[in-house]
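Notes follow once the structure below has been shown.
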Amino acid sequence: MSTLPWFVAAWLFAVGLYGLVTSRHAVHLVGCLTVCQSATYVLLLGLGFVNGAGPPIFYDHPPGTPAVDPVVQALVLTDIVVGAAVSALLLAIAVQVQKRRHTLDPQALRPLRPSEPAPDR
Amino acid sequence: MSVRLRLVLLGLALLALAPAVIHVALALPGFGTPTSPYGQTVNVLLPDLRHVTNMVAAVNFDVRGIDTLGEECMLLCAVTGATVLLRGARGEGEREKAGHVPGRPVTPRADATVLACRIAASLTLLVGISVALHGMTTPGGGFQGGVIAASSLLLLYLGEGYAVWRSLVRGPVLALLEGGGALLYGLAAFVPLTLGRPALQNILPFGTLKDLYSGGLMIVVNAAVALSVTGSFGLLLLEFMEETRVPSDESVPDEEGR
């Protein structure tokens, strides 16, 4: 039981990494990156957990009662917000790739090639 | 690069990293018995030192305030990058009317949808502001509150349709919120410097524990983050929403009378 969170984090990271490596679609790629990132949330929150302790908010229970580590929670918080913004940036890049290359398959992309005219639809 | 080749490369990289990963994994403390004294020190000291009850906010906005300034800049850069990328291809011109594919029927929204979305959007905005304002006392803060407030914009779009939504939500206002929030954070870091103190030093009176005014300078920083996050996520919504409108001259206005 005491090692379960670490295995969950490792499994999430492995699943995300496998998706990243085998991805054939840029939007899928961004999703896989998000899965990888959620592994870091599990790991960080697991690192700060204290057996039998409450939340690090001393509103209902007085300061001094056992509480979990607030530092890792703060890190996860900013991680989530910045991660969401970075995902948006990556998706914006995906939109540009689709517009210029008319594909979202990373394998079909070749560097340093002038952009093609739009195919007839 | 084929998938097989990529998997082989991944395998090689994992082999190279394996000794370090195994070393770190074996050194992890047991779950529930952390060894880092940092967090517990914060829990013991901060309620007295800063008169706040939410330790997560205290870490974010005071103890590691400079870190959060960095995060704030990352957020600003990511959103600016996304906006520049999307606008770069589309142009600055904004379309007040939604595009419409000829031949596709326009289904008006049910009144119940409009009403439900208006109520839900107002409530969501209120919850967002409340969560942001009470960041120093109860769970919440600028990051969470800002995201909740920005998501109310999406509900507004769901209920009102594109044209009305665009007349309500102005890009420059959101950009001002985003940049203004970051500027406010920068000022909160800079003003103590002009007084000969360290950057971001908490120079305001701390207020009383469990009060809406508690934490001193943390309140300013919290508000700056709330503004910035609201502006950032609102701007991202707006830019991606614009992207769904194909800028072609043949498109006719959608959703007449709404």
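The values are calculated or read from the model by the stated rules, or taken from the named source; none is laboratory data. None of the values given here were measured: they were computed from a predicted structure. Cβ coordinates were reconstructed from backbone atoms using ideal geometry, including for glycine residues, and neighbour counts include every protein chain displayed.
The conditions of being in a helix (DSSP H, G or I), within 26 Å of B:Thr80 (Cα to Cα) and within 14 Å of chain A (Cβ to nearest Cβ) are met by B:Gly145. Only a single item in (1) more than 7 Å from chain B (Cβ to nearest Cβ); (2) in contact with a Gly (Cβ under 9 Å, 6 or more places away or on another chain); (3) more than 30 Å from A:Val27 (Cβ to Cβ) is not met by A:Pro62, and it is number (2). Exactly one residue out of A:Val8, A:Val21, A:Val97 is free of Cβ contacts under 8 Å to residues at least 12 places away in the same chain, among the β-branched types (Val, Ile, Thr), part of a helix (DSSP H, G or I) and within 11 Å of chain B (Cβ to nearest Cβ), and it is A:Val21. Go through the residues of segment A:82-94 one by one and say whether even a single one is at pLDDT 90 or above, facing chain B (nearest Cβ under 10 Å) and in contact with a Cys (Cβ under 9 Å, 6 or more places away or on another chain). Checking segment A:82-94: at least one residue is at pLDDT 90 or above, facing chain B (nearest Cβ under 10 Å) and in contact with a Cys (Cβ under 9 Å, 6 or more places away or on another chain).
A:Val50 fulfils the conditions (1) more than 27 Å from B:Phe240 (Cβ to Cβ); (2) surrounded by fewer than 19 Cβ atoms within 10 Å (Cβ to Cβ); (3) more than 8 Å from every other protein chain (Cβ to nearest Cβ); (4) of a type in the set (Val, Ile, Thr) except for a single criterion, (3). Screening segment B:1-88 for helices (runs of 4 or more DSSP H) wholly inside it with 3 or more residues that are free of Cβ contacts under 8 Å to residues at least 24 places away in the same chain and more than 7 Å from every other protein chain (Cβ to nearest Cβ) returns the ranges B:3-26, B:37-50. Of the residues contained in segment B:101-114, one or more are found to be among the aliphatic types (A, V, I, L, M), in contact with a Gly (Cβ under 7 Å, 6 or more places away or on another chain) and modelled with pLDDT of 90 or more.
Here is a check on your reading of the model: is A:Leu44 in a helix (DSSP H, G or I), under 17 Å from B:Gly39 (Cα atoms) and within 9 Å of chain B (Cβ to nearest Cβ)? Let's see the steps before the verdict.
Working: in a helix (DSSP H, G or I): yes; under 17 Å from B:Gly39 (Cα atoms): yes; within 9 Å of chain B (Cβ to nearest Cβ): no.
So A:Leu44 does not fit the description; no.
May I ask you to verify whether A:Ala74 is surrounded by 16 or more Cβ atoms within 10 Å (Cβ to Cβ), under 26 Å from B:Ala27 (Cα atoms) and among the aliphatic types (A, V, I, L, M)? Against the criterion (surrounded by 16 or more Cβ atoms within 10 Å (Cβ to Cβ), under 26 Å from B:Ala27 (Cα atoms) and among the aliphatic types (A, V, I, L, M)), A:Ala74 qualifies. Does A:Val27 satisfy being in contact (Cβ under 8 Å) with a residue 24 or more places away in the chain and either more than 30 Å from B:Asp48 (Cα to Cα) or surrounded by 18 or more Cβ atoms within 10 Å (Cβ to Cβ) (or both)? Spelling it out, A:Val27 is indeed in contact (Cβ under 8 Å) with a residue 24 or more places away in the chain and either more than 30 Å from B:Asp48 (Cα to Cα) or surrounded by 18 or more Cβ atoms within 10 Å (Cβ to Cβ) (or both). The set of residues in segment A:100-109 that are more than 10 Å from every other protein chain (Cβ to nearest Cβ) and assigned to a helix (DSSP H, G or I) comprises A:Arg101, A:Ala108. Screening B:Leu184 against (1) touching a residue at least 24 places away in the same chain (Cβ under 8 Å); (2) surrounded by fewer than 20 Cβ atoms within 10 Å (Cβ to Cβ); (3) more than 22 Å from B:Leu204 (Cα to Cα) leaves a single unmet condition, (3).
The residue list A:Ile93, A:Ile57 contains one member that is more than 29 Å from B:Val79 (Cβ to Cβ) and of a type in the set (A, V, I, L, M, F, W, C), which is A:Ile57.
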